[in-house]
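Derivation of every value follows stated rules applied to the coordinates shown; laboratory data play no part. None of these values were measured; they are calculated from a predicted model. Neighbour counts are summed over all protein chains in view; Cβ atoms, including those assigned to glycine, are modelled from backbone coordinates with ideal geometry.
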Amino acid sequence: MVAPQQNGGARLFYAHDPMCSWCWGFQNAYQQLQRELPSSIALTPLLGGLAPDSDAPMPQQMRQQLQATWRRIEAAVPGARFNHDFWRECIPRRSTWPACRAVLAARAQDQNGAGLDAAMTAAIQRGYYLQARNPSDEATLVEFAAELGLNAAAFKTALRSDAVQRQLESEIAAARQLGVRGFPALVLLPEGGGTARPIRVNYADARAMLDDIARASA
């Protein structure tokens, strides 16, 4: 399922979920990693699909656990911020697949390589973690699409489509095939294929990850 690059180059997979709080904490280091990654290594994001669709309100114990996780990330990761008003103003659900499908629905409108999937990921993260908006709600996701200048009607249709759901399931399966069991995760597929090699995620130092990638690529 995970094929090597057709040109034989190495490929770095980034498995993530736009509603994964540790992925939000990883953003600064990840952006630096993207800027400094050698051009010979292709970066391929994979949506991990942390939690399937659910209309049930999140249990109170899980709410408390996630709030504690947010505080732990704020304490551990330089520059990480969360708007804790979310827990008072929204009805949280353990449901991240809608947000994952939103990233794919945005990608479907990307005709010129503008990075609309990355833009949607960033919009979901900002909305969730800084603006106390709930990305488990379809209406919120459509708002994000409109704010990004996407065709909101086409986006909503894609969001509900079987094709986008199949793509999400394919990416989830690809991440599992690479051995991913948590997010965020980085996995290097060396030049010409071969054994996939996990790269240790560092939330504060992109250089450490780049050094690991260089060693794994050698």
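General observations
- Radius 13 Å from Cβ of Phe26, net charge of other residues (Lys, Arg +1; Asp, Glu -1): -1
- Taking the C-alpha atoms of segment 10-217, convex hull volume expressed per residue in Å³: 122 Å³
- Rounded, prolate or oblate (a/c below 1.5 giving rounded, otherwise prolate when a/b exceeds b/c) for segment 69-122 by Cα gyration tensor: oblate
- Positive dipole terminus of segment 10-217, leading residue within Ala173, Thr121, Ala145 (C-beta point charges): Ala173
- Gaussian network model of the chain, Cα within-10 Å springs - most flexible of Ser39, Ser54, Ser136: Ser39
- Acute angle (nearest 10 degrees) that the helix 162-177 long axis makes with the longest principal axis of the chain, alpha-carbon atoms: 50 degrees
- Hydrodynamic radius by Kirkwood, which averages 1/r over all alpha carbon pairs of segment 101-182, in angstrom: 13.2 Å
- Ellipticity at 222 nm from helices only: DSSP H runs of n ≥ 4 in the chain, each -39500 (n - 2.57), divided by the residue count, give -15000 deg cm²/dmol.
- Cleavage-rule hits, chymotrypsin sites (Phe, Trp or Tyr not before Pro), segment 26-128, DSSP coil, Cβ neighbours within 10 Å at most 12: none
- Taking trypsin sites (Lys or Arg not before Pro) as exposed when their DSSP state is a loop state and no more than 11 other Cβ atoms lie within 10 Å, the longest site-free interval of the chain runs over 1-180.
- Phi angles across segment 21-26 convert, under the Karplus curve 6.51 cos²θ - 1.76 cosθ + 1.60 with θ = phi - 60°, into 3J(HN,Hα) values of 5, 5, 5, 4, x, 7 Hz, Gly and Pro given as x.
- Count Lys and Arg as plus one, Asp and Glu as minus one, and take only other residues whose Cβ is under 13 Å from that of Ile199; the net charge is then +2.
- Against the chain, whose longest principal axis is taken from its Cα atoms, helix 206-217 shows a tilt of about 40°.
- Helix 116-129 axis, angle to the chain major axis (alpha carbon atoms, nearest 10°): 50 degrees
- Charging the Cβ of each Asp and Glu at -1 and of each Lys and Arg at +1, and nothing else, the dipole of segment 94-189 about its Cα centre rounds to 240 debye.
- Within the listed set Pro59, Pro98, Pro45, the Gaussian network model of the chain (springs between alpha-carbon atoms below 10 Å) gives the highest mean-square fluctuation for Pro59.
- Under the simplified labelling scheme, the Ala153-Gln177 pair shows an inter-label distance of 3.8 nm, with each label point 7 Å from Cα along Cα→Cβ.
- The GNM of the chain, with springs linking C-alpha atoms under 10 angstrom apart, assigns the highest mean-square fluctuation among Val187, Val77, Val103 to Val77.
- Only the Cβ atoms of Lys and Arg (+1) and of Asp and Glu (-1) were treated as charged; on that basis the dipole of the chain about its Cα centre amounts to roughly 420 debye.
- Of all beta bridges that DSSP places with both ends in the chain, some 55 percent have antiparallel geometry.
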